[in-house]
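Engineer: Structure incoming, see below.
The values are calculated or read from the model by the stated rules, or taken from the named source; none is laboratory data. What you are looking at is a predicted structure, and each value in this text was computed from that prediction instead of being measured. Heads up, the Cβs are rebuilt from the backbone with ideal geometry, glycines too, and the neighbour counts pull from every protein chain shown.
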C-alpha cells in the first residue's frame, strides 16, 4: 500500500457518479446524499434500497450498462459493480480525466479510499486501516461510542455561532443522563445548572467551562426565570455554546418550555435533549411500577407545591398519582385527598434521593404516611406515589426500601 493523503471533500451540489446498483453502491449513495451531492447512478438494475432512494428524489438513475462519457463533469466517481472488467474501465476513465475514483473491489488498485466515518455534531473523525474495511469500521464504532458519550475533548476552541441546548439530566444518578446529553456537556462553553441536576457531571467538564448556578428551592431562587431566559439568549448571541442542565426532563413540571420559547423568540438556535423524568424513574428505582397489569392502567403527575391543585378531581382518579415537590405539605395533601373521598387505606410510598446512594423509601397509607414520614425525617428531594402500586415496593423494592414496623397495617 502506498501512502495516502487524508482529505475531506465538499461535494454539496457537485456531480458524483456511482457505477453499480448493489448494496455497496447503495451505502455510498446514502452517504453522498447526506453530504448534498448531485448523485448519478449508472446500472442496468438496482437493489431495493437504491430504488427507494431514486424514487425519493436526489438520485438520477441511468438504467443501463456503463458507457464511455458517463464520467463527464464528475468531481468524484465510485465504482462498485462487482465486475472486475467494468471497475477497471471506470477507474481507467477516471484516471484519464484526472477525477478521483473509489473502487469497492480492490483497495490496492483504488486511487481514493472512502474512510469509515464517526460524526458528532460538527466533529468528524475519518478512519482508514490499510485497506482493511472491517478493521476501520471496528475502530470507527469505538470512536463513535466515545463521541456520543462525550468522552472525547470535542469542545470548540475557535469562535463560531452560539446556541442553547436544554438538557434533561435524569433523576439524579449521573449514569442516567442520555449519551446525547453527555455530548452536549462535552461541547459546552457555559453550563447553567439546576439544584437537582446530576451535579457530579460538572466535575467532568473541561477546565475553563463556566458554571452558572440557577437552582431553585422553596423561597430561594438563585436566578429568576426571566434572568435565566435572558442569560441563555445573551450568551448564545455572544457566540457561546450554552447547556441548560436540568434535573429529570426539561418539560416535565420544569420551565423548559418557557426557555425554549425565549430562545425561539430571540432567534437563537436551540435544541432539546429529553431526559428521564424522576416522576417515573424514581418510583421504578424503588420497585414501584407506576402502571402495573391488573393494578393501575394510568398515571397522573402533579406539581404538589401549587396551591391551585384540584384535589377533588385527583381524589376521583383511578390509577397512580405521583406528587413532585410535595413533601413539605404532605399532611395537607393527604388530608385533602381523604376529604374528597380517596380511601384512607390507599398505599403511599415516599422515595427520597431516588437513584442515588442514599435512596430511601418510606411506606404507609393515605391516613398515616405524613406521620411516618415525620417520624423518620423525610426531606426533599422526594417523590410521593399514591395508589395500589405503592404497595409493590415492599415486594419489589429490595434493600433500598426502609420498612417501618408493620408498614401497611
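Engineer: Please work out if residue 351 is crowded, with 22+ Cβ neighbours inside 10 Å, in contact with a helix residue (DSSP H, G or I) (Cβ under 6 Å, 6 or more places away or on another chain) and touching a residue at least 40 places away in the same chain (Cβ under 8 Å).
Structural biologist: It is true that residue 351 is crowded, with 22+ Cβ neighbours inside 10 Å, in contact with a helix residue (DSSP H, G or I) (Cβ under 6 Å, 6 or more places away or on another chain) and touching a residue at least 40 places away in the same chain (Cβ under 8 Å).
Engineer: Could we say that residue 119 is under 30 Å from residue 5 (Cβ atoms), more than 23 Å from the chain's Cα centre (by Cα) and not assigned by TED's automatic domain parsing to the domain that holds residue 237 here?
Structural biologist: no
Engineer: Conditions first: (1) farther than 20 Å from residue 251 by Cβ; (2) loosely packed, with under 15 Cβ neighbours inside 10 Å; (3) in contact with a helix residue (DSSP H, G or I) (Cβ under 7 Å, 6 or more places away or on another chain). Residue 174 passes all but one, so which condition is the exception?
Structural biologist: (2)
Engineer: Another one. Which helices (runs of 4 or more DSSP H) sit wholly inside the stretch 1-103 and have at least 1 residues that are over 26 Å from residue 125 (Cα atoms) and touching a strand residue (DSSP E or B) at 6+ places or on another chain (Cβ under 8 Å)?
Structural biologist: 48-55, 84-96
Engineer: Can I ask one more? Among (1) closer than 14 Å to residue 270 by Cβ; (2) more than 15 Å from the chain's Cα centre (by Cα), where does residue 166 come up short?
Structural biologist: So residue 166 meets the others, but not (2).
Engineer: Among the candidates 77, 139, 167, 102, which residue alone is surrounded by 21 or more Cβ atoms within 10 Å (Cβ to Cβ) and farther than 30 Å from residue 236 by Cβ?
Structural biologist: Testing whether each residue is surrounded by 21 or more Cβ atoms within 10 Å (Cβ to Cβ) and farther than 30 Å from residue 236 by Cβ leaves just 77.
Engineer: Is it fair to say residue 384 is in contact with a strand residue (DSSP E or B) (Cβ under 6 Å, 6 or more places away or on another chain), at negative phi and modelled with pLDDT of 95 or more?
Structural biologist: Yes, satisfied.
Engineer: Still on this structure: Sort out which residues of the stretch 320-347 are within 35 Å of the chain's Cα centre (by Cα), under 22 Å from residue 377 (Cα atoms) and not in a helix (DSSP H, G or I), and write them in order of number.
Structural biologist: Hits for the stretch 320-347 are 322, 323, 324, 325, 326, 327, 328, 329, 347.
Engineer: Let me ask another. Looking at (1) in a strand (DSSP E or B); (2) under 27 Å from the mean Cα position of the chain (by Cα), which is the one condition that is false for residue 364?
Structural biologist: Every condition holds for residue 364 apart from (2).
Engineer: Identify all residues within the stretch 381-392 that are farther than 12 Å from residue 282 by Cβ and assigned to a loop (DSSP other than H, G, I, E, B); write none if there are none.
Structural biologist: 387
Engineer: Of everything in the stretch 45-71, what is more than 14 Å from residue 101 (Cβ to Cβ) and over 38 Å from the mean Cα position of the chain (by Cα)? Give them in sequence order.
Structural biologist: Within the stretch 45-71, 45, 62, 63, 64, 65, 67, 68, 69 qualify.
Engineer: Select from the stretch 118-136 the residues that are assigned to a strand (DSSP E or B) and free of Cβ contacts under 8 Å to residues at least 60 places away in the same chain and write down the one among them that is surrounded by the most Cβ atoms within 10 Å (Cβ to Cβ).
Structural biologist: Among them, the one singled out is 118.
Engineer: Counting only residues that are in the same structural domain as residue 72 (by TED's automatic domain parsing) and without any contact (Cβ under 8 Å) to a residue 24 or more places away in the chain, which one in the stretch 1-30 is farthest from residue 87 (Cα to Cα)?
Structural biologist: 30
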